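One structure is given here, and the rest of the page talks about it.
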Amino acid sequence: MNEETKTQAALQSIIERRNNSAIAITADLANENHNSICRIALAWIGQTQAQSVSYLVKPPTEDFSKSRKVTAAMVADSPSFATVWDQNILPLLKGDVLAFYDAEAMLEILKSSYETSGGSFFLPEMYIRDLHFLALTYLPSLGNVSFLSIVHRLRLSADLDNAASRAVACTCALDRLQHLYPASGYGVPLSMVLAGALRLSVPREPEKPDPDEDEAEPLTLGARLANASRISLIPILCITLCLFAYYGYRHAQAQKNHVDFSSYSTTETLQKEKKPLPNFKLGATYTVQQGTYVVLDDKDISLFIAAAKDRDANKIQAMIQNHRVILFSQVTHIEVTGSTRGNGFVPIKIIEGVYTGKTGFIAFSMIDKPNK
């Protein structure tokens, strides 16, 4: 299977992956330098099991002192990391959630390896789930939050010398955390990670005593306890501030993406006023906004309308999870394929994004003017 065929097969599997499954990214380095990626791997939870794909990369070095499974001979004919990222990796990033063990460190490695070729590293704005950060938050008794300790606690296994194996373990670990702690299903915006939102603390070298200074008097027990309390509260304070900032961001996003469920009752208003339902030009391209719902089967429209009237978010969420309803996460273009139904819903086909080619029904009130 050549690289292009492998990418297309992976893309189809990613599109059909389990709802809310993050795409984990890991890489093997040839040596200690951050710009020496020799293999990169992605993993995600499919409909029945974890799936992964990996690509060999030729780094700008002959030093493979850190890599145990990838050799210089294996990657002699492989493309550079920038080529693999642009041609094979970016097309697979379908969705809005990525997963890393240590997001800041991994993003630095990706950036360094890419910019070795002289280009500027690009990653679409997404949400990041950081396994290390979540383990600190939800597994405080773990003590050692190394990757191996986390996966062992969650009863998983991983070959630390194989990027694909680590990627599978990472996405499976996050999947288990989501079942144990629902809050871990959320992600931190990429921009916050790049700004250092996950950097809880930076260890400092102990200061050497000045031989010219007199030896300090020993602290009393009360003073030692006070110092210990202040030090132990620092990580908790950092985590609290990060979570406050994150949930504030999510609240603002939720307000911006809020859909007025009353829009789905517009049909009844027009019928009471004996006004005709609007029609759209068949085959024309229209725009629908972020937060618009698409009902995939006309048999589910009445259920969706009832849930919208009752503002039953749980029922609508269940329909989304069961792949009966799609919720657009961004502005999307659609094509009208039929006349407005009596219930106010218009048959459409999605012509861009992750759901390209899927058909369904959208309330007429959610469709904007046609694109020129």
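Read-outs: derived from the displayed coordinates by stated rules, not from any lab. These numbers were taken from a predicted model, which means no experiment stands behind them. Backbone-built Cβ (ideal geometry, glycine too); neighbour counts: all protein chains shown.
Translational diffusion coefficient of the stretch 313-372 at 25 °C, 0.890 mPa s, Stokes-Einstein with Kirkwood Rh over Cα pairs, in µm²/s as a whole number.
Details: Rh = 12.5 Å.
D, rounded to a whole number, is 196 µm²/s.
As a test of understanding, state the convex hull volume per residue of the stretch 11-85 from its alpha carbons, in Å³. Could you put the intermediate results ahead of the total?
Details: hull volume 7.6 nm³, N = 75.
Value for the stretch 11-85: 101 Å³ per residue.
Hey, can you grab everything whose amide H is under 5 Å from the amide H of T285? Only 5+ residues off in sequence or another chain; H modelled, so Pro and N-termini drop out.
Placed amide hydrogens put N371 under 5 Å from T285.
At 7 Å along Cα-to-Cβ for each site, give me the label-to-label distance between H333 and E108 in nm.
Inter-label distance under the simple model: 4.1 nm.
Divide the volume of the convex hull of the Cα atoms of the stretch 125-171 by its number of residues and quote the answer in cubic angstrom per residue. Don't skip to the answer; put the middle values down first.
Values: hull volume 3.8 nm³, N = 47.
Considering the Cα atoms of the stretch 125-171, their hull volume per residue is 81 Å³.
With no solvent and one equal point scatterer placed on each C-alpha of the stretch 307-346, evaluate the Debye formula and give log10 I(q)/I(0) for q = 0.19, 0.24 Å⁻¹, two decimals.
The Debye formula, applied to the Cα set alone, gives -0.81, -1.03.
State the Cα centre-to-centre distance between the stretch 313-365 and the stretch 93-140 in whole Å.
Cα centroid to Cα centroid, the span is 31 Å.
What does a probe at E3 reach in the stretch 34-68, counting residues whose amide N is under 17 Å from the point 7 Å along Cα→Cβ?
It comes to 36-42, 53-61, nothing else.
Calculate, in nm to one decimal, what N144 and R176 gain on full extension: separation in residues at 0.36 nm each, minus their alpha carbon distance. Don't skip to the end; give the middle numbers.
Details: separation 32, 0.36 × 32 = 11.52 nm, distance 1.87 nm.
Gain in length upon complete extension: 9.7 nm.
Can you pick out the pairs among K111/K349; K6/K281; K111/K315; K58/K349; K309/K358 whose Cα atoms lie more than 31 Å from each other?
Numbers: K111/K349 37 Å; K6/K281 39 Å; K111/K315 42 Å; K58/K349 42 Å; K309/K358 26 Å.
Listed pairs above 31 Å: K111/K349; K6/K281; K111/K315; K58/K349.
Report the antiparallel proportion of the DSSP beta bridges in the stretch 1-113 as a percent, rounded to a multiple of 5.
On the way: 13 of 15 bridges.
Antiparallel bridges: around 85 percent, rounded to the nearest 5.
Apply the Karplus parameterisation 6.51 cos²θ - 1.76 cosθ + 1.60, with θ equal to phi minus 60°, to every residue of the stretch 130-136 and state each ³J(HN,Hα) to the nearest whole Hz, in sequence, with x for glycine and proline.
Per-residue couplings from phi come out as 10, 5, 5, 5, 5, 5, 4 Hz.
Debye sum, Cα scatterers, the stretch 109-196, no solvent: what log₁₀ I/I(0) at q = 0.18, 0.21, 0.22 1/Å?
Rounded to two decimals, the profile gives -0.90, -1.10, -1.15.
7 Å from Cα along Cα→Cβ at both L282 and D368: what's the point-to-point distance in nm?
2.6 nm
Once you have the alpha carbon radius of gyration of the stretch 25-135, what is it after dividing by 2.2 N^0.38 Å, with N set to its residue count? Walk me through the numbers before you get to the answer.
Working: Rg = 13.9 Å, N = 111, 2.2 N^0.38 = 13.2 Å.
For the stretch 25-135, the normalised Cα radius of gyration is 1.06.
In whole percent, what relative contact order does the stretch 1-136 give with Cα contacts below 8 Å and a gap of six or more residues? Present the calculation step by step, with values, prior to reporting the outcome.
Numbers: 220 pairs, mean separation 34.1, N = 136.
Answer for the stretch 1-136 is 25 percent.
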